[in-house]
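Nothing in this text is a laboratory measurement; each read-out follows from the coordinates by a stated rule. Bear in mind that the values here come from a model prediction, so they are computed numbers and not experimental data. All Cβ positions, even for glycine, are placed from backbone atoms using ideal geometry, and neighbour counts span all protein chains on display.
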Amino acid sequence: MRPLLGLLLFFLGAATVQAQDTTVRIDNQSFTLAEVVVRNNFDYRRLLNQIKEDTTFYKAFRNLRILGFTSYNDIKMLNRKGGVEASLYSKTRQNRANGCRTMDVLEEKTTGDFYDRKGEYNYETPELYAGLFFTKGTVCGEDNIVKGRTRNVSNKKGMEKHKEQLKMLFFNPGKKIPGIPLIGNKLDLYDDDAHKLYDYRLDLEEYKGQLCYVFSITPKENLGFLKNDRVVVDQMTTWFDQKTLEVMGRNYSLSYKALVYDFDVQMEVEMGKFQGLTVPKILRYKGNWDVAFKKRERAVFTATLFDFKK
């Protein structure tokens, strides 16, 4: 009972010291450290730099390219009143063998006009979902290496460009994204201009039964007109494994309104472990977005991944 009591006292103590947060400056940028971080003498400079340069979130999704897994896929397209306009519920199985991956559809049920007459997606949100979690045909020669891998949109057009921008936004939130009018640079959460708009806080707390560092980014209060014009990220919270600094979970929400488009998107991602590899377990999405000359799309989806195999 004593270890349990000690852990309980640790969290009770941590919950009462927010008034004693400490502000530090690193490279002329301000960060807030919770008292529990300060008291334990963590090398917060190194830690914050690793958080800023994190690739483990992207790595977890790259791991899906070298594993087999089963997935429940639940996608709903909504009308303006929140009713279901079209939907897909399926169970798929990704197979990995001889350096290649394929996918079997084990169950599938659709409603509404989810597919067009040719069997293609009638909406862009499911097409983007498929780019993350579905395999079409046989795909070979992939790996899970992220070091030295860069994403760019310079050689892509149309839907392929949109997919790449979504992946950049999804896998590297807080970094600039080229090719998005008006907001590409506003997505950079780590430059000097961003530090005038956002608060950055590092804490230590329990996440899914595991002690993790938690790094949160939220807009400053009382920004006035700057909030609508320059703030794109409404909040981003990331939990990092205390020992390995791998991302164990991330929640974030983005919104912006411009003349040619607007969007309001929330995402939640939970990670798990499989034979030493970090992998996505659950991804939840809720989004409402509109682009000029496109039909507004309101969607919610949940991806549940399990039964991983090498």
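Quick one: net charge of Lys175's neighbours, Cβ under 11 Å, K/R +1, D/E -1? Every neighbour counted, the sum reads -1. Among the GluC sites (Glu not before Pro) within the range 15-91, those in coil by DSSP and having at most 13 neighbouring Cβ atoms inside 10 Å are Glu53. When the listed pairs Lys163/Lys294; Lys176/Lys281; Lys147/Lys243 are checked against a 18 Å cut-off, the alpha-carbon distance exceeds it for Lys176/Lys281; Lys147/Lys243. Neighbours of Thr244 by Cβ distance under 13 Å: Lys/Arg scored +1, Asp/Glu scored -1, total 0.
Rounded, prolate or oblate: pick one for the range 114-187, where a ≥ b ≥ c are the square roots of the eigenvalues of its C-alpha gyration tensor, a/c under 1.5 means rounded, and failing that, prolate if a/b is larger than b/c, else oblate. Oblate, because a/c is 1.5 or more while a/b does not exceed b/c. With Cα atoms defining each centre, the range 86-131 and the range 160-232 are spaced 30 Å apart in the structure. A cysteine counts as unpartnered when no other cysteine's C-beta lies under 4.7 Å of its own; in the chain this applies to Cys212. For the range 223-264, the C-alpha radius of gyration sits at 1.61 times the compact-globule guess of 2.2 N^0.38 Å, with N the residue count. Translational diffusion of the range 181-261 was estimated from the Stokes-Einstein equation, with Rh taken as the Kirkwood radius over Cα pairs; at 10 °C and 1.306 mPa s the coefficient is 114 µm²/s. With neighbours defined as other Cβ atoms within 10 Å of a residue's Cβ, the residues Tyr129, Tyr261 order from fewest to most as Tyr261, Tyr129.
About the centre of its Cα atoms, the range 106-209 shows a dipole size close to 440 debye [charges on the beta carbon of Lys, Arg (+1) and Asp, Glu (-1) only; nearest 20 debye].
Would you tally the net charge around Cys212, using a Cβ to Cβ cut-off of less than 9 Å, leaving Cys212 out, and scoring K and R as +1, D and E as -1? Every neighbour counted, the sum reads -2. Of the residues Asn155, Leu283, Phe240, the one whose Cα sits farthest toward the positive end of the charge dipole of the chain, with +1 on the Cβ of Lys and Arg and -1 on the Cβ of Asp and Glu, is Asn155. Bin width 10 Å, origin at 0, all Cα-Cα pairs of the chain: what percent of pairs per bin? All Cα pairs considered, the percentages come to 5, 23, 32, 25, 12, 2, 0. Counting only Cβ charges, +1 for Lys and Arg and -1 for Asp and Glu, the dipole size of the chain around its Cα centre is about 740 debye.
Positive end of the dipole of the range 22-309 (Cβ unit charges, origin at the Cα centre): among Gly83, Phe69, Phe57, the Cα lying farthest that way belongs to Phe69. Candidates Thr125, Gln94, Ile177 compared by Cα position along the dipole of the chain: farthest toward the positive end lies Gln94, with charges placed on Cβ.
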